[in-house]
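The values are calculated or read from the model by the stated rules, or taken from the named source; none is laboratory data. Quantities reported herein were computed from a predicted structural model and do not represent experimental measurements. Reconstructed Cβ throughout: ideal geometry from the backbone, glycine too, with neighbour counts over all protein chains shown.
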Amino acid sequence: MMRVAILGTGAIGLGAAALLTERGHEPVLWTRSATPLPVQEASGALTGRYALRLEPEIAAALAGAEVVMLALPAYGHKAVLDAALPHLAEGQTVILSGHLSFAGLYLAQRLAERGLRLPIILWGTTVTTGRRLSPESLRIATIRAKVDVATLPAGGIGSGLTLCEALFGERFVPREDLIAIALSNVNPQNHMAIALCNLTRMERGEAWSQNENITDAVGRLIEALDAERLAIAEAFGATVRTVRQHFHLSFHVEEAPLGEMARAMVARGDRTMAPATLETRYVLEDVPFGLVPTARLGRLAGRPAVLHEAGIALLSALYGRDLAAANDLLPAIGFEGLSAERLRVLAWGES
């Protein structure tokens, strides 16, 4: 049994805590809001009631934990990492679920300033998906069959993989390094296409099903965005799966054009509800912390991500704000001053 401090009490943090409990581990949760955490009732991929423990102070949550897991939207990563940094200690491993916008590199840099070097595990996405139905209940939509994983430094992948499997089961696929993980997360491109093509539904607060509205046209846009991401990965020598492979492994449907895969999900009853507000992570997280890093990697690799850049510009115009400017991680790591070769060195955990 391992004690795991989970920083974040949204659907992802609670889903991870439920899965860890099922596997005999001891999750301890912390949230910046310090709101009471009632007994959680889970439905869907996991069913049961979980008396989860919440620590109001981050120092107490991290004390004695073998593993510290960040499980919250990327727009909270820097602030929560800054809160956790003074309390991290030798012998701990940090998991970033899922890793976006080179948050692992930011953490490594700040740890180095303390003279501390901890293993950092980077996931391409989350192990569970789900949604809080109420303060007391959680629906876990799926437990992913495969999750890409890398470590910082990259040479620690063997022990990192062993730890992940001990905690969450044999579902992890090792990838080369932090760059591969940065290009493994397909959610930003998918969510951008879905949001951009259904924005008025979100603005009007309509109740609408996501999968029913991944039409053939939306599917073609997602696959065109995917082609840009795959080209950038190839330029960096990174191995990543396609969006069709992702849908197959995450949602258990046969590979086909994406519109067909979405219809297959609807046919079996999967009508996951989509955002009913413009204040959604589909845009406010995924554009600054997902699309922007991918577009900048495209520039470094000499593979311009034209559709990614267009999506960032269009959604910024629609929202009336510079969404790229919301990313507080890239400036903090000095990304604009990095060359492709320097980034490769840092991705391997070398100075």
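Could you look through the range 202-242, keep only residues that are within 21 Å of Ala310 (Cα to Cα) and among the basic types (Lys, Arg), and pick out the one that is surrounded by the most Cβ atoms within 10 Å (Cβ to Cβ)?
For the range 202-242, the residue satisfying everything is Arg229.
Which residue is modelled with the lowest pLDDT, if the candidates are limited to the range 127-139 and must be buried (at least 22 other Cβ atoms within 10 Å of the Cβ) and of a type in the set (A, V, I, L, M)?
In this case the residue turns out to be Leu138.
Is it true that some residue in the range 285-301 is without any contact (Cβ under 8 Å) to a residue 24 or more places away in the chain, buried (at least 21 other Cβ atoms within 10 Å of the Cβ) and not hydroxyl-bearing (Ser, Thr, Tyr)?
Checking the range 285-301: at least one residue is without any contact (Cβ under 8 Å) to a residue 24 or more places away in the chain, buried (at least 21 other Cβ atoms within 10 Å of the Cβ) and not hydroxyl-bearing (Ser, Thr, Tyr).
Just a yes or no: is a residue in the range 37-47 of a type in the set (Asp, Glu) and more than 25 Å from Thr142 (Cβ to Cβ)?
The answer is no; no qualifying residue exists.
Only residues in the range 204-226 that are assigned by TED's automatic domain parsing to the domain that holds Ala267 count as the first member; pair them with residues that are of a type in the set (Lys, Arg) and modelled with pLDDT under 95, Cβ under 9 angstrom, at least 6 apart or cross-chain, and list the lot.
Between residues of the range 204-226 that are assigned by TED's automatic domain parsing to the domain that holds Ala267 and residues that are of a type in the set (Lys, Arg) and modelled with pLDDT under 95, the close pairs are Ser209/Arg271; Gln210/Arg271; Asn211/Arg271; Glu212/Arg271.
In the same structural domain as Ile12 (by TED's automatic domain parsing) and under 25 Å from Ala65 (Cβ atoms): which single residue out of Ser137, Ser159 fits that description?
Ser159
Considering only the range 103-112, I want to know if a residue exists there that is within 16 Å of Thr126 (Cα to Cα) and at pLDDT below 95.
Scanning the range 103-112 turns up no residue that is within 16 Å of Thr126 (Cα to Cα) and at pLDDT below 95.
Can you tell me which residues in the range 108-146 are out of contact with any helix residue (DSSP H, G or I) (no Cβ under 7 Å at 6 or more places or on another chain), assigned to a loop (DSSP other than H, G, I, E, B) and within 30 Å of Met265 (Cα to Cα)?
Scanning the range 108-146 gives Leu133, Ser134, Pro135, Glu136.
Given the conditions (1) exposed (fewer than 13 other Cβ atoms within 10 Å of the Cβ); (2) at pLDDT 95 or above, report the number of the one that Ile312 does not fulfil.
Every listed condition holds for Ile312 apart from (1).
Within the range 267-278, does at least one residue satisfy the condition of being without any contact (Cβ under 8 Å) to a residue 60 or more places away in the chain, crowded, with 21+ Cβ neighbours inside 10 Å, in contact with a helix residue (DSSP H, G or I) (Cβ under 9 Å, 6 or more places away or on another chain) and over 29 Å from Ile157 (Cβ atoms)?
No, the conditions are met nowhere in the range 267-278.
For Leu307, state whether it is farther than 27 Å from Val127 by Cβ, at pLDDT below 95 and in the same structural domain as Asn213 (by TED's automatic domain parsing).
For Leu307, the condition - farther than 27 Å from Val127 by Cβ, at pLDDT below 95 and in the same structural domain as Asn213 (by TED's automatic domain parsing) - is not met.
Does Leu105 meet the test of being within 22 Å of the chain's Cα centre (by Cα), of a type outside the set (S, T, N, Q) and assigned to a helix (DSSP H, G or I)?
Yes; evaluated as a whole, the condition is true for this residue.
Quick check on the range 84-111: of everything there that is without any contact (Cβ under 8 Å) to a residue 60 or more places away in the chain and among the aliphatic types (A, V, I, L, M), which residue is nearest to Arg32 (Cα to Cα)?
Leu85
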